[in-house]
1. Identify the single condition in (1) under 28 Å from Ser88 (Cβ atoms); (2) not in a strand (DSSP E or B) that Glu187 does not satisfy, given that it satisfies every other one.
2. Count, please, the residues in the range 48-66 that happen to be modelled with pLDDT under 75 and polar (S, T, N, Q).
3. Would you pick out the residues in the range 79-97 that are under 15 Å from Glu174 (Cβ atoms) and of a type in the set (Val, Ile, Thr)?
4. If you scan the range 148-165, which residues turn out to be touching an Asp or Glu at 6+ places or on another chain (Cβ under 8 Å), under 25 Å from Glu74 (Cα atoms) and in a loop (DSSP other than H, G, I, E, B)?
5. Need the failing condition index for Pro149 against (1) surrounded by 18 or more Cβ atoms within 10 Å (Cβ to Cβ); (2) closer than 18 Å to Asp71 by Cα; (3) over 17 Å from the mean Cα position of the chain (by Cα), just the number.
6. Just for the range 81-102: of the residues that are over 13 Å from Val131 (Cα atoms) and of a type in the set (S, T, N, Q), which one is surrounded by the most Cβ atoms within 10 Å (Cβ to Cβ)?
Amino acid sequence: MVVIAGKDVHVDNIKKKKYLKIFVPVIILILIVGVWMLKNLVLDKNEDYKSDALVTPMEEAHFELDAKTLDLQELTQYGLPIVLDFGSDSCLPCISFHPTLKNMHKDMYGRVIIKYIDVYKYGEAVQGFPVSVLPTQIFINADGTPYVPSKNVNIPFAVYNYNTTGEHAYTAHEGVLTKTQFLEILEDMGVSQ
């Protein structure tokens, strides 16, 4: 036993070992419980919200948020408004908007079809859509026609027309939307909360 500055080093080491024998298993248990909770209780994996849907998909992929391809003809058959979000996981505004998009997808499941397309991973899905800024959201009415915002909606939109006919092709919002703005647009499209 060594005494340094009036302390018994041997006794301190025994106390430290005793606390470590208790502390280490507690930390391991906390980590195990944390990993289990992440795997089993994460909202994205919890599909309870799908049971409240007004419309159920013929194919689950039609209502999934992340899309690799887009077939508007298939999606318009549901008679639901459609929101297409074009972004990228390398775009900071897209990353900041993604949690809002995921929450809206969860909250509006079965009432609105919301799709996210990564333009760099799935460039073919972007073909034919007017995307020059990331993120860009395209809004399509339940009947498949382009959304036309009412005068009550005070959010900037870009309206695109076909070159040959001049007919309205797409209504887009370029940039990030807040949840309040997103809900305002959906309400204007006829979606009730």
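1. (1)
2. 1
3. If the condition is that a residue be under 15 Å from Glu174 (Cβ atoms) and of a type in the set (Val, Ile, Thr), then Val83 is the only one that fits.
4. The one that is touching an Asp or Glu at 6+ places or on another chain (Cβ under 8 Å), under 25 Å from Glu74 (Cα atoms) and in a loop (DSSP other than H, G, I, E, B): Pro149.
5. (2)
6. Checked the range 81-102; the qualifying residue surrounded by the most Cβ atoms within 10 Å (Cβ to Cβ) is Thr100.
One line per residue, one yes/no per condition, for (1) out of contact with any Pro (no Cβ under 8 Å at 6 or more places or on another chain); (2) closer than 30 Å to Val119 by Cβ; (3) assigned to a helix (DSSP H, G or I); (4) modelled with pLDDT under 80:
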| residue | (1), (2), (3), (4) |
| --- | --- |
| Pro25 | yes, no, yes, yes |
| Leu29 | yes, no, yes, yes |
| Val33 | yes, no, yes, yes |
| Trp36 | yes, no, yes, yes |
| Leu70 | yes, yes, no, no |
| Leu75 | yes, yes, yes, no |
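The values are calculated or read from the model by the stated rules, or taken from the named source; none is laboratory data. Note that the structure is predicted; figures quoted are calculated from it, not measured. Methodologically, a virtual Cβ is constructed for each residue, glycine included, from the backbone with ideal geometry; neighbour enumeration extends over all protein chains shown.
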